[in-house]
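Here is the structure we will look at.
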Amino acid sequence: MSTKAFAAFSATEPLRDHTITRREPGAHDVEIEILYCGVCHSDIHQVRNEWHNAMYPMVPGHEIVGRITRVGAHVKKFKAGDLAGVGCLVDSCRECDACKKDLEQFCPTSVGTYNAKERDGKTITYGGYSTSIVVDEAFTLKVSDKLPLDAVAPLLCAGITTYSPLRHWKVSKGQKVGILGLGGLGHMGVKFASSFGAEVTMLSHSASKEADARRLGAHHFALCSDPAVMKSLAGTFDFILDTVSAPHDYNAYLGLLAVDGKMVCVGAPPEPAQVAAFNLIFGRKTLAGSLIGGIAETQEMLDYCAEHSIVSDIELIPIQQINEAYDRILKSDVKYRFVIDMQSLK
Ligand code: NAP
Ligand code: ZN
Ligand code: ZN
């Protein structure tokens, strides 16, 4: 089926109109009319080939929400008219250890929603900057009608990417938690960590974001570019979630951890960084990473958000403004997630 989309044709050109082909829904597939799609910093890393994995033309977008228009003969979870979401994954082997543990994101042959190859090894996947998508129901999430749908879209990546490590490392009441970087991921991290009862400090290099950080649920705000502030916080955090997209000095933030403290990287700057062993040895500290979350946990997160009225703070844009939105994200000027209104593409 011929489908309208917006695509990148190289690492240096602006995104523009494109037409792609979607498959006819198979027995286990659903077809979704895309209503909104969030804009993740990973879209920019990939469009600009910063992760050295770009396949063009590339249709980005992995924070997809919409309405089911058709279902295959064996689909059980959905019917036409239901709301649905799709995140960063559209398939996996379903047999390996990771898949059996509901950790499809770590399946060696999992399939990304865009800029990836289907399991046939040939077909390129196209993401949510388009008017419709066809996905196996096993990788399609149920979305509540209680929340504003446009503000739900970013939960499919920014939401699960922050929810999953906070749950895995059992962040809860009585803990001092730092969220590093107040962008799309960071603002969801603040919301979840404070909702889980932790004492949350926003660690940001943008002084102008202090009032917003507090409104989002942070108890404290710390300007990391101020050496006196960094010194005053040395050895104080049980857990730091690092969402920063650009190269930065991990050692400086390891210094903020208490004994047995953990710092988890979700931000994915392309360049490798140096970490001094001594900064982990003294204080028995842990430096770890985390990748989105499995499908079951993504559903758990969406249900938690519906129950606790948690959504993203968004700026809704027509798709024709996507290139300006990318420029603003790169200037740390996003409040706090751009979401594309897909009516603008129809
Ligand atoms: P974003 O909205 O651009 O937010 C990143 C924030 O990092 C900025 O708002 C800024 O916050 C801070 N920052 C940017 N440049 C900085 C610099 N030079 N020094 C210090 N801080 C800086 O990006 P996002 O969509 O949240 O994504 C963040 C990162 O996570 C990206 O690398 C993305 O690819 C990655 N990601 C990873 C996963 C995963 O599964 N692990 C999933 C999604 C995204 P302040 O102004 O507050 O300092
Ligand atoms: Zn993402
Ligand atoms: Zn697998």
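Using all C-alpha to C-alpha distances in segment 1-52, build P(r) with 10 Å bins and read off the rounded percent in each one.
20, 40, 32, 8
Pick out which of 285, 79, 146 has the largest mean-square fluctuation in a Gaussian network model of the chain, springs linking Cα atoms closer than 10 Å.
146
Convert each backbone phi in segment 218-232 into a coupling constant with the Karplus relation 6.51 cos²θ - 1.76 cosθ + 1.60 (shift: θ = phi - 60°), then list the ³J(HN,Hα) values in order as whole Hz, x for Gly and Pro.
6, 7, 9, 10, 10, 8, 5, 6, 9, x, 5, 5, 4, 5, 5
For segment 159-289, with only Lys/Arg (+1) and Asp/Glu (-1) charged at the beta-carbon, what is the dipole magnitude about the Cα centre, in debye rounded to 20?
I would put it at about 400 debye.
How much accessible area does residue 221 have with a 1.4 Å probe, in Å² rounded to the nearest 10?
Rounded to the nearest 10, the figure is 30 Å².
Could you derive backbone 3J(HN,Hα) for segment 245-250 from the dihedral phi with the Karplus parameters 6.51, -1.76 and 1.60 (θ = phi - 60°), listing whole Hz in sequence and x where the residue is Gly or Pro?
After applying 6.51 cos²θ - 1.76 cosθ + 1.60, I find 8, 9, x, 7, 8, 4 Hz.
Suppose we keep just the DSSP beta bridges with both residues in the chain; what percent of those would be antiparallel, to 5?
About 55 percent, rounded to the nearest 5.
Considering only protein heavy atoms, what per residue accessible area in square angstrom results for the chain with a 1.4 angstrom probe?
Working: 14670 Å² over 346 residues.
Here the per-residue accessible area is 42 Å².
Please compute one quarter of the surface area of the Cα convex hull for segment 133-209 and express it in square nanometres.
About 6.8 nm², averaged over all directions.
Taking each pair of distinct Cα atoms in the chain once, what is the resulting Kirkwood hydrodynamic radius in Å?
About 20.4 Å, per the Kirkwood formula over Cα pairs.
So how exposed is residue 2, as accessible area in Å² (1.4 Å probe, rounded to 10)?
Number for this one is 100 Å².
Springs between alpha-carbon atoms under 10 Å, Gaussian network over the chain: tell me which of 116, 218, 98 tops the mean-square fluctuations.
98
Which residues' amide hydrogens lie under 5 Å from the amide hydrogen of residue 258, considering only partners 5 or more residues apart or on another chain, with H built in the peptide plane?
Sorted by chain and number, the residues that satisfy this are 236, 237, 238.
Given a 1.4 Å probe and the protein chains all in place, what does the accessible area of residue 163 round to, in Å² to the nearest 10?
0 Å²
If DNA, RNA and ligands are ignored and the probe is 1.4 Å, what is the ranking of 97, 120 by accessible area, most exposed first?
97, 120
For residue 109, which sequence-distant residues (separation of 5 or more, or a different chain) have an amide H within less than 5 Å of its own amide H, given hydrogens modelled in the peptide plane?
HN-HN under 5 Å from residue 109: 93.
Taking a 23 Å limit on the Cα-Cα distance, which of the listed pairs 142/331; 146/331; 77/146; 209/285; 146/170; 101/191 fall beyond it? Mind dumping the intermediate values first?
Details: 142/331 34 Å; 146/331 33 Å; 77/146 19 Å; 209/285 29 Å; 146/170 27 Å; 101/191 27 Å.
Pairs exceeding the cut-off: 142/331; 146/331; 209/285; 146/170; 101/191.
In what sequence, largest accessible area first, do 248, 187 appear using a 1.4 Å probe?
Greatest to least solvent exposure: 248, 187.
Using the charge dipole of segment 9-59 (Lys, Arg: +1 at Cβ; Asp, Glu: -1 at Cβ; taken about the Cα centre), state which of 37, 18, 55 has its Cα farthest towards the positive end.
Result: 55, furthest along the dipole toward the positive end.
Per residue of segment 198-207, what does 6.51 cos²θ - 1.76 cosθ + 1.60 with θ = phi - 60° give for ³J(HN,Hα)? Whole Hz please, x for Gly and Pro, Karplus curve as stated.
6, 8, 9, 10, 7, 9, 9, 9, 10, 4
Given 10 °C and 1.306 mPa s, compute D for segment 1-106 with the Stokes-Einstein relation, Rh being the Kirkwood radius over Cα pairs; round to the nearest whole µm²/s.
Roughly 101 µm²/s, to the nearest whole number.
Kirkwood hydrodynamic radius, segment 159-289, all distinct C-alpha pairs: what's the number in Å?
14.4 Å
Using Cα positions and a limit of under 23 Å, work out the lysines in reach of residue 4, with same-chain residues fewer than 8 apart set aside.
Hits, sequence-local ones excluded: 117, 122, 346.
Hey, any idea what % of the chain's accessible area is carbon plus sulfur with a 1.4 Å probe? Before the final figure, lay out each step's value.
Numbers: 7800 of 14670 Å².
Roughly 53 percent, rounded to a whole number.
The values are calculated or read from the model by the stated rules, or taken from the named source; none is laboratory data. The model shown is predicted, which means the values in this text are computed figures rather than measured ones. As a convention, Cβ positions derive from the backbone with ideal geometry for all residues, glycine included, and neighbour counts pool all protein chains shown. Quick note on the areas: whole protein, heavy atoms, side chains included, nothing else; ligands and nucleic acids left out. Shrake-Rupley method; radii C 1.70, N 1.55, O 1.52, S 1.80 Å.
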